[in-house]
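Visitor: Shown below is the structure under consideration.
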Amino acid sequence: MITVVGNLKGGAGKSTVAFNLAVWLARHGERVTTYDLDPQRTLTDVADVRSEEGYTPLFSLHYGGTELIDDIKEKSGEVIVDVGTANMDALKGALTIADRIVIPVPPSQADVWSTQRFLSIVNKITSAENLPEILVFVNRADTHQAIRESDEAEEALAELEGIHLIRSRLCQRTAYRRSFSEGLGVFERKPSSKASKEFIKFVTILYPDVG
């Protein structure tokens, strides 16, 4: 299955999500291949850190642009593609071959608007018979119950047509930044942490038959 993790805006946490998904799948014995189509190469950087630190399991990673689209189509197993608007041609190419698109959305009105524009792009470049499944969730959600932005963003996303809203949030936690900088999945660094538990809940929704 080809899963594209994408968004129009930077700072949505695409690479963190893609990396954690890849590590989790690899730890559960899945054959997983990742593609970093973003010129910032964040996913490539964290994969390099993981390799240099000697953490296992590793996963296959390829960095590039539109020249990799045909290669992605031919891959078997679980494929994860990290792509953003810094390379629009690669983004559009990835969207046309995706089985599903996972869109992390930070809790702000600007990010909701950006998601609407992203969905417009998906609808324009994919055919009705080959429309990928589109899964949207609130990422970097507020942890304080008195703050309503995450609830409001989720309510707004629920109104969008043609998507499946995952009501399992990933919160804005230091644990994600620290584990990422060390080349570890958030569930590896501190398995009993809140971040670990919420990510496992999230990933088992995406991959119910794994684990």
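Visitor: What residues qualify as long-range amide H neighbours of residue 141, i.e. H under 5 Å apart, gap of 5 or more or another chain, H built at 1.01 Å from N?
Guide: 170, 171, 172
Visitor: Still on this model: Quote to one decimal, in nm, the extra length available between residue 177 and residue 161 on full extension: 0.36 nm per residue of separation minus the C-alpha distance between them. Let's see the in-between values first.
Guide: Values: separation 16, 0.36 × 16 = 5.76 nm, distance 3.23 nm.
Taking residue 177 through residue 161 to full extension adds about 2.5 nm, to one decimal.
Visitor: State which entries of 9/124; 9/197; 75/197 exceed 25 angstrom in Cα-Cα distance in the structure shown. List each step's numbers first, then the result.
Guide: Numbers: 9/124 19 Å; 9/197 27 Å; 75/197 30 Å.
As for pairs spanning more than 25 Å Cα to Cα, those are 9/197; 75/197.
Visitor: Need one word for the chain: rounded, prolate or oblate. Basis is the Cα gyration tensor (sqrt eigenvalues a ≥ b ≥ c); a/c below 1.5 gives rounded, then a/b vs b/c decides. Mind showing how you got there, number by number?
Guide: Numbers: a/c = 1.56, a/b = 1.03, b/c = 1.53.
Taking the square roots of the gyration eigenvalues as a ≥ b ≥ c, the chain is oblate.
Visitor: Hey, another quick one. GluC sites (Glu not before Pro) within region 171-211: which are DSSP loop residues with at most 15 other Cβ atoms inside 10 Å?
Guide: On the way: sites: 182, 188, 198; in loops: 182.
Here the GluC sites (Glu not before Pro) that fit, given the DSSP loop and packing criteria, are 182.
Visitor: Need the list of lysines near residue 190 for cross-linking: C-alpha distance under 19 angstrom, and skip anything on the same chain fewer than eight residues off.
Guide: Within the straight-line limit of under 19 Å, residue 190 reaches these lysines: 201.
Visitor: Ok, one more. How high is the relative contact order of the chain, in percent, counting Cα pairs under 8 Å that sit 6 or more residues apart? Write out the running numbers ahead of the final one.
Guide: Numbers: 385 pairs, mean separation 49.8, N = 211.
It rounds to 24 percent for the chain.
Visitor: Now a separate question. Against the globular-protein guess of 2.2 N^0.38 Å, express the Cα radius of gyration of region 1-81 as a ratio, rounded to two decimals. Provide the component values of the computation, followed by the final result.
Guide: Numbers: Rg = 12.0 Å, N = 81, 2.2 N^0.38 = 11.7 Å.
It is 1.03.
Visitor: Near residue 73, which lysines are there with a Cα under 19 Å away, not counting those fewer than 8 places off in the same chain?
Guide: Correct list for residue 73: 92.
Visitor: Could you compute the FRET efficiency for residue 86 and residue 209, with r as their C-beta to C-beta distance and R0 at 30 Å, rounded to 0.05?
Guide: My answer for the efficiency is 0.35.
Visitor: Additional query: Among bridges DSSP assigns within the chain, what percent are antiparallel (round to 5)?
Guide: Numbers: 0 of 27 bridges.
Counting only bridges with both partners in the chain, antiparallel ones make up about 0 percent.
Read-outs: derived from the displayed coordinates by stated rules, not from any lab. For clarity, every value in this text was computed on a predicted model and none was experimentally measured. Cβ sites come from the backbone with ideal geometry, for glycine too, and all protein chains shown count toward neighbours.
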